[in-house]
Amino acid sequence: MKFDSNILLKNSVPLAVVAMFFSCNNTLKEVQGLDIATYAPLSIAQDINTKYTDSGRLTVILVSPKMVNFTNREFPFYKFPEGIDLTLFDDDQNKNTVTSDHAIVYEKTDLIDLKGNVVLTTSTNDTLFTEQLFYDQKKEWLFTNQPVKFRTKDYITNGIGFDSNKNFTNAQVLEVNGRIFIDE
């Protein structure tokens with residue numbers, strides 16, 4: 001038995017179209033079954049200024065033009081699309097600040113993702129500049145694999161990557177590619 005390739009091709013094209021139609025039909029039904037509430041934010045807050053206390057002691061001040069609450073998602077998070085200005089107070093009420101153009105707080109993992117012009121300044125004026133910085137709230141650990149500039153009173157250190165505990169007592173620039181001594 002000999003098959004003509006033109007006949008086989010002509011018969012397989014309509015079959016492929018029919019198969020695509022039915023496979024898309026199931027996807028269309030799934031998409032139509034989703035409601036807008038699944039993807040819409042749970043709430044949106046404007047001009048927020050939130051103060052957190054622990055045992056009557058002020059620990060954090062969070063200021064942001066906008067916060068979008070997506071805690072209705074399978075992987076819940078809060079988004080700060082217009083940036084944040086965060087002030088953190090340690091046990092001795094020393095003030096540390098963090099600013100960024102954008103931030104996301106992931107509720108399940110307690111991870112904070114800061115992006116865009118991230119500047120972290122400690123109470124001793126040590127300052128970290130980078131485009132992205134993560135803070136693990138459970139481990140109280142800061143880290144990034146992005147280029148950084150870390151300025152202390154004695155040095156400016158440039159590198160790729162950064163690791164530190166929350167108090168900066170164990171801060172280190174990874175893959176150092178430049179260090180400048182500051183003589184004042």
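Net length available on complete extension from Asn170 to Gln46 is 41.0 nm, with 0.36 nm assigned per residue and the Cα-Cα distance removed. Here the relative contact order of region 56-184, from alpha carbon pairs under 8 Å that lie six or more residues apart, stands at 14 percent. Look at where the Cα atoms of region 102-127 and of region 140-184 average out, and the two centres are 15 Å apart. Could you pull out the GluC sites (Glu not before Pro) across region 49-136 that fall in loop regions by DSSP (anything but H, G, I, E, B) with no more than 16 other Cβ atoms inside 10 Å? Within region 49-136, the qualifying GluC sites (Glu not before Pro) (loop, at most 16 other Cβ atoms within 10 Å) are Glu74, Glu82, Glu107. Put Arg73, Arg151, Arg179 in order of accessible area, highest first, and with a 1.4 Å probe you get Arg179, Arg151, Arg73. The distance between label points at Phe75 and Thr109 comes to 0.7 nm (points 7 Å beyond Cα on the Cα→Cβ vector). For the set Ile182, Ile44, solvent exposure ranked by accessible area (probe 1.4 Å, protein chains only) runs largest to smallest as Ile44, Ile182. Counting 0.36 nm for each residue step from Asp92 to Val119 and taking away their Cα separation leaves a gain of 7.5 nm.
The values are calculated or read from the model by the stated rules, or taken from the named source; none is laboratory data. Because the structure is a prediction, the values reported are computed rather than measured. For neighbour counting, all protein chains shown are included, and Cβ atoms are generated from backbone atoms with ideal geometry for every residue, glycine included. Ligands, DNA and RNA are excluded from the accessible area calculation, which covers all protein heavy atoms including side chains. Shrake-Rupley method; radii C 1.70, N 1.55, O 1.52, S 1.80 Å.
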